[in-house]
Amino acid sequence: MEKFAFTLQSQSDVEAYIADCSTRYERELLVEIIALIKAGDQEQLTWFGGFGDSLRQILMNVNEYRHALGFGFAEIAFNRYGWFASPKFLDFEEISLGQSYIRIGRGPNGSWAYALSRQYGTAGASGPLCVFCKKYPDRDTALAHALAEIKADMTKYLGHPDTTNYKQDVLHQTLKAIAAMEVSRAQLSLF
């Protein structure tokens, strides 16, 4: 596959791609790129071109890089496959809630985020702690939102008729761990 290179003559390629793209961030980036082409800004087009070998890879990598900036991660680095290297959050913690857990971390600019790994029985769900997570101003706020989300999620499956995927003892164990953490956080706030 030939590497895609932005030039001042790339407008027709970009317009053809924009007609088929389905995501808002892709359309916004493509409109920005078309404006650069029309302005004759080859320096900025070259910067965009440094983010990948195909137009799709460039768009995805620039999108992730810009999300990373929201947490204060400014380094531009790629993995061996040419995809944006996911930055590592600072003050990373993994908080166990029985079989489920919360991953929490801070970006260099002080913004915090969390990701959940939920285990219901044989069913479950998990997501990475990454730059696409919602930003919070401090650890306590992020943790409070994480606890509230996982508590609401576990509670909605209480009494579920599918007791293989949603084992009631697993749900109760997780809710008990959440309650203990909430009590501990409340006691710490008194001091």
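The values are calculated or read from the model by the stated rules, or taken from the named source; none is laboratory data. Fair warning: this is a prediction, and the values are worked out from it, not measured in the lab. Quick reminder, even Gly has a Cβ in these numbers, built from the backbone with ideal geometry, and neighbours come from all protein chains shown. Ligands, DNA and RNA are excluded from the accessible area calculation, which covers all protein heavy atoms including side chains. Shrake-Rupley method; radii C 1.70, N 1.55, O 1.52, S 1.80 Å.
Dipole size of the chain about its Cα centre, with +1 on Lys/Arg Cβ and -1 on Asp/Glu Cβ: approximately 600 debye, rounded to the nearest 20. A simple rule links phi to the HN-Hα coupling: the Karplus curve 6.51 cos²θ - 1.76 cosθ + 1.60 with θ = phi - 60°, which for segment 158-172 gives 4, x, 5, x, 8, 7, 7, 6, 10, 5, 5, 5, 5, 4, 5 Hz, with x for Gly and Pro. Per-residue 3J(HN,Hα) values for segment 129-139, derived from phi via the Karplus relation 6.51 cos²θ - 1.76 cosθ + 1.60 with θ = phi - 60°, read 7, 8, 6, 8, 6, 5, 8, 10, x, 7, 4 Hz in sequence order (x marks Gly and Pro). Averaging the Cα positions of each part gives two centres, and for segment 22-43 and segment 134-155 these lie 36 Å apart. Considering only Val14, Asn61, Gly40, and ranking their Cα positions along the charge dipole of segment 10-71 that arises from unit charges at the beta-carbon of Lys, Arg, Asp and Glu, the one farthest toward the positive end is Asn61.
For the chain, what is the accessible area per residue in Å² when the probe is 1.4 Å?
Counting only protein heavy atoms, the per-residue value for the chain is 56 Å².
Karplus-based coupling profile of segment 29-36, in residue order and whole Hz: 5, 5, 5, 4, 5, 4, 4, 5, with θ = phi - 60° in 6.51 cos²θ - 1.76 cosθ + 1.60 and x standing for Gly or Pro.
Restricting attention to segment 90-189, the count of lysine pairs at 8 or more positions apart or across chains with alpha carbons under 24 Å apart stands at 8.
Classify segment 10-71: rounded, prolate or oblate, from the alpha-carbon gyration tensor (a ≥ b ≥ c, eigenvalue square roots; a/c under 1.5 rounded; otherwise prolate if a/b is larger than b/c)?
Since a/c reaches 1.5 but b/c is at least a/b, the shape of segment 10-71 is classed as oblate.
Placing +1 on the Cβ of every Lys and Arg and -1 on the Cβ of every Asp and Glu, with no other charges, gives segment 10-71 a dipole of roughly 160 debye about its Cα centre. Listed by chain and number, the lysines whose C-alpha is less than 30 Å from the C-alpha of Lys3, apart from same-chain residues fewer than 8 away, are Lys38, Lys88.
Could you work out the pair-distance distribution P(r) of the chain from its alpha-carbon pairs, with 10 angstrom bin width and percents rounded to whole numbers? Histogramming the chain at 10 Å steps yields 8, 27, 24, 20, 14, 7, 1 percent. Only protein atoms count toward the accessible area here, which uses a 1.4 Å probe; on segment 90-189, the carbon and sulfur part of that area reaches 54 percent.
Rg over Rh for segment 90-189 works out to 1.00, using Cα positions for both radii and the Kirkwood form for Rh.
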